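For reference, the structure is listed below as structure tokens.
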Amino acid sequence: MTKIVHVLNGPNLNLLGKRQPEIYGHETLGDVEKLCAETARSLGLVSQFYQSNLEGEIVEQIHAARDTAAGIVINPAAYTHTSVAILDALHAFDGPVIEVHISNVHKRESFRHHSYVSLRADAVIAGCGVQGYALGLQRLATLLQA
Ligand code: CA2
């Protein structure tokens, strides 16, 4: 049976491509969704793409993934640096988790250097632009085959 992977996105990523292109590039979130769908298909996976500006809704999506998803690619956006709730939800998910950041968070303000999600993530990709989502799905596919 085809494996489903969830691609979860945190707050303000709906503005991708509309503001701050010098940091986040020109691609929109719709472009990223298409990239994920095509990449997942090429890997024999199906991606389910989701974005929310609300922490609790992201927690609910991670809970939903417990029943439906083989793995998770997540860009928690600003919640990366603040959310114990998202970390706890990810700890309740059994499959592989890949954390993605479009920008190189380590080249930016020091408050972006710490990630709660990294305490659970099997891999972290930062600074590869939106290609990081495709790389994350590739890594997920490898981990799901192992
Ligand atoms: O580099 C990333 O992917 C981030 O997760 C993006 C977050 C930021 O808080 C993290 O430190 C790093 C911010 C997402 C906001 O995205 C925007 C896109 C366009 C315009 C405004 C915000």
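So the values come out like this:
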{"item": "Flag for Glu27 being acidic (Asp, Glu) and under 17 Å from Ala134 (Cα atoms)", "result": "yes"}
{"item": "Within the stretch 1-43, tally of residues that are surrounded by fewer than 17 Cβ atoms within 10 Å (Cβ to Cβ), touching a residue at least 40 places away in the same chain (Cβ under 8 Å) and at positive phi", "result": "1"}
{"item": "Condition check for Ile72: more than 13 Å from the ligand (Cβ to nearest atom), in a strand (DSSP E or B) and surrounded by 13 or more Cβ atoms within 10 Å (Cβ to Cβ)", "result": "yes"}
{"item": "Boolean, Val97 is without any contact (Cβ under 8 Å) to a residue 40 or more places away in the chain, surrounded by 23 or more Cβ atoms within 10 Å (Cβ to Cβ) and among the aliphatic types (A, V, I, L, M)", "result": "yes"}
{"item": "Any hit, the stretch 9-22, residues being part of a helix (DSSP H, G or I), near the ligand (Cβ under 9 Å from one of its atoms), over 17 Å from Leu143 (Cα atoms) and modelled with pLDDT under 95", "result": "yes"}
{"item": "Residue match in the stretch 113-124 (condition: under 23 Å from Ile4 (Cα atoms), in contact (Cβ under 8 Å) with a residue 24 or more places away in the chain, β-branched (Val, Ile, Thr) and out of contact with any Lys or Arg (no Cβ under 7 Å at 6 or more places or on another chain))", "result": "yes"}
{"item": "Criterion: buried (at least 19 other Cβ atoms within 10 Å of the Cβ) and either within 15 Å of the ligand (Cβ to nearest atom) or assigned to a helix (DSSP H, G or I) (or both) - qualifying residue of Ala78, Ala89", "result": "Ala89"}
{"item": "Within the stretch 23-35, considering residues that are within 16 Å of Pro76 (Cβ to Cβ) and not β-branched (Val, Ile, Thr), the one farthest from the ligand (Cβ to nearest atom)", "result": "Leu29"}
{"item": "Given (1) near the ligand (Cβ under 10 Å from one of its atoms); (2) closer than 23 Å to Thr39 by Cα; (3) in a loop (DSSP other than H, G, I, E, B), index of the condition Ala121 fails", "result": "(1)"}
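The values are calculated or read from the model by the stated rules, or taken from the named source; none is laboratory data. What you see is a predicted model; the values in this text were computed from it and never measured. Ideal geometry is used to build each Cβ from the backbone, glycine not excepted, and the neighbour counts take in all protein chains shown.
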